[in-house]
Amino acid sequence: MLSIFNGVPQFVLEKKILQKGISIVDLLGEKTGVFTSKGEVRRMIKVRKQWISLAMSNLSKKKLRLESAEDKLQSIVQSYLSSESSSSEKLKNANSQGG
């Protein structure tokens, strides 16, 4: 199971550091060596926030387009059902008057 982590950088921390509480910036920038500095951590977080914001914006736009398409489809179906119902009524009336 742990073999999937082969090649992934690993580090050891004292349990008390985590129990005491540590900011993610301090953890990644000072205690683990994942990043070379706290400034680098902050920049990466900023970039990720911007990326996530852009992704959420794109998802919102796609959701709006999907909702619009659903509304149009529902309108088409309702229109079709109304015309079918109208045609059916006309046929019934014609049959009852002619028969």
*Look through Lys49, Lys90, Lys62 and report the one residue that is surrounded by 10 or more Cβ atoms within 10 Å (Cβ to Cβ) and modelled with pLDDT under 90.*
Lys90
*asked:* Looking only at the range 14-59, count every residue that is touching a Gly at 6+ places or on another chain (Cβ under 7 Å), touching a residue at least 12 places away in the same chain (Cβ under 8 Å) and not aliphatic (A, V, I, L, M) and tell me the total.
replied: 1
*asked:* Val77 - would you say it is surrounded by 10 or more Cβ atoms within 10 Å (Cβ to Cβ) and of a type in the set (Val, Ile, Thr)?
replied: yes
*Quick one: in the range 2-46, which of the residues that are at pLDDT below 90 and on the phi > 0 side of the Ramachandran plot is surrounded by the fewest Cβ atoms within 10 Å (Cβ to Cβ)?*
Gly7
*If you scan the range 28-46, which residues turn out to be under 11 Å from Phe11 (Cβ atoms) and part of a helix (DSSP H, G or I)?*
Leu28, Lys31
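The values are calculated or read from the model by the stated rules, or taken from the named source; none is laboratory data. Every value quoted in this text rests on a predicted model; they were computed, and no experiment measured them. Every residue, glycine among them, receives a Cβ derived from its backbone with ideal geometry; neighbour counts consider all protein chains shown.
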